[in-house]
Each structure stands twice: as C-alpha cells, then as structure tokens.
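Structure first, commentary second.
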Amino acid sequence: LDQWSFSSNEGDFIHITMVRTSGELNPEIRLISPTGKVVRHVWTWGESAELVVNDAPESGTYRIIVGDAHINNTGNYLLRLAQAPQNFVVRPGDDGGPLTNGANHPGTITLGDLDQWSFNANAGSFIHLTIVSTSGELNPEIRLISPSGAVLRHSWTWEDSTQLVLQNAPESGTYRVIAGDAHIDSTGGYLLTITW
C-alpha cells in the first residue's frame with residue numbers, strides 16, 4: 001500500500017488518476033480526510049482508476065492510499081493530482097498554463113495526464129471552450145472550475161471533440177480548465193480553444 005499526501009482546503013475540487021504502466025496491477029485508490037475518514041474509494045479490474053471529489057469536506061493534510069484491487073497483483077503506476085482553486089505547477093515537458101482569449105492552445109495527454117490551464121474572467125462573462133483531438137486515441141474531457149473551486153461544467157466524449165459553454169460566469173477571478181482523457185488510459189494530442 002503506497003501512501004501519498006497533499007494539503008487541501010475545505011470546498012476544494014480534487015481529481016486523482018492512477019494508471020498502470022507495467023505488470024498486472026489493478027489500480028485502487030482511497031482518499032482519506034485529515035481526520036481519518038474515507039472520503040472516496042475507487043478500484044478497477046482494468047488499467048486505470050479515477051477519483052473525483054467536487055467539494056473537499058475539510059481543510060488539512062489528505063492521504064492517498066493506492067494498491068492493487070486484488071491484493072496479489074503487482075506492477076508500476078503513474079499517479080496524478082489536480083486540485084482547485086489551489087495554485088498549480090506545469091511540470092517541464094507538460095502542457096498547461098495561461099490561456100489567451102480566442103487562441104488555439106496545443107497539448108498532449110499522456111497516460112493519466114491532467115493538463116491544467118487558467119484564465120481570468122469577470123462575473124457575467126460568456127465562456128466557450130472546445131477541445132479537439134489531433135492525434136492518437138484521445139477521447140477529450142474538460143472541466144471548468146470557478147475561482148472558488150466549484151465545478152461549473154464538465155464535458156467529455158468518446159469521439160474526437162467536445163465543447164463546454166457557460167453563459168453567465170458566477171464570479172470574477174481566475175478560472176481553471178482541466179483537460180484529460182475520458183477513459184484515463186488513452187493518449188494523444190489536442191487543441192484547446194477558448195473565448196470569453
């Protein structure tokens with residue numbers, strides 16, 4: 001049982017992915033609150049698992065416990081975390097960062113990848129996002145997160161593209177867009193476009 005930890009605030013959005021990279025591992029994830037309660041538990045007999053919490057129950061240090069759903073299988077894995085409205089860092093070689101109004105932003109989703117992008121918008125703004133697969137087997141998925149960490153819209157597809165529309169932004173501030181693959185274990189290039 002591998003254990004990982006991170007800090008989060010009450011009400012935060014938390015998104016964790018776990019993808020097998022070798023062996024026969026069947027990913028299993030438990031998210032434990034700062035007071036020791038199981039917030040969410042997911043497992044699979046496949047290659048990947050995803051755990052999403054839209055509203056963290058309390059502030060403090062959370063624990064992630066990962067292992068094999070069958071207990072007797074082994075293998076290597078990749079674990080990814082995205083949370084909002086916490087600040088995020090784009091790792092060298094990864095995609096994400098500030099979005100430009102009306103521009104196309106290319107990126108690549110690797111195994112279990114969660115690319116994070118941000119932009120500033122005013123309350124009442126109209127926001128329109130599109131994501132189109134440009135290579136590989138990617139099934140585009142996007143989430144729009146408010147400046148306070150609330151999930152405003154979530155869109156995904158088993159096709160090559162999806163869009164997300166928000167007619168009336170609820171508050172002014174920095175919004176987050178999280179891009180990934182709807183199946184978690186497919187990869188490929190994409191083009192993300194936003195107007196607001």
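General remarks:
- Here the extension length gained between Q167 and V52 equals 38.9 nm, from 0.36 nm per residue of separation less the Cα-Cα distance.
- Of the residues W117, Y175, T130, the one whose Cα sits farthest toward the positive end of the charge dipole of the range 116-196, with +1 on the Cβ of Lys and Arg and -1 on the Cβ of Asp and Glu, is Y175.
- Rounded accessible area of S118 (nearest 10 Å², 1.4 Å probe): 20
- Within a Gaussian network of the chain (alpha carbon springs, distance under 10 Å), most fluctuating of V66, V89, V151: V89
- The simple spin-label model puts a point 7 Å past each Cα toward its Cβ; for D160 and F6 those points are separated by 3.3 nm.
- The DSSP beta bridges internal to the chain are antiparallel in roughly 95% of cases.
- Label-reachable residues, the range 28-69, where backbone N falls under 17 Å from a point 7 Å from S22's Cα toward its Cβ: none
- Among G180, G93, G11, the largest mean-square fluctuation in a Gaussian network model of the chain, built with springs joining Cα atoms closer than 10 Å, belongs to G93.
- Only Lys, Arg, Asp and Glu carry charge here, each on its Cβ (+1 for the first two, -1 for the last two); on that basis the range 65-196 has a dipole of about 440 debye about its Cα centre.
- Ligands, DNA and RNA left out, the accessible area of the chain computed with a 1.4 Å probe is 46% carbon and sulfur.
- Accessible solvent surface per residue of the chain, calculated while the other protein chains remain in place, 1.4 angstrom probe, Å²: 48
- Each part gets one Cα centre, and for the range 1-58 versus the range 131-196 those centres are 21 Å apart.
- Charging the Cβ of each Asp and Glu at -1 and of each Lys and Arg at +1, and nothing else, the dipole of the range 1-66 about its Cα centre rounds to 140 debye.
The values are calculated or read from the model by the stated rules, or taken from the named source; none is laboratory data. This one's a predicted model, so the numbers in the text were calculated from it and none came from an experiment. Quick reminder, even Gly has a Cβ in these numbers, built from the backbone with ideal geometry, and neighbours come from all protein chains shown. Accessible surface is based on the protein model in full, side chains and every heavy atom, while ligands, DNA and RNA are left aside. Shrake-Rupley method; radii C 1.70, N 1.55, O 1.52, S 1.80 Å.
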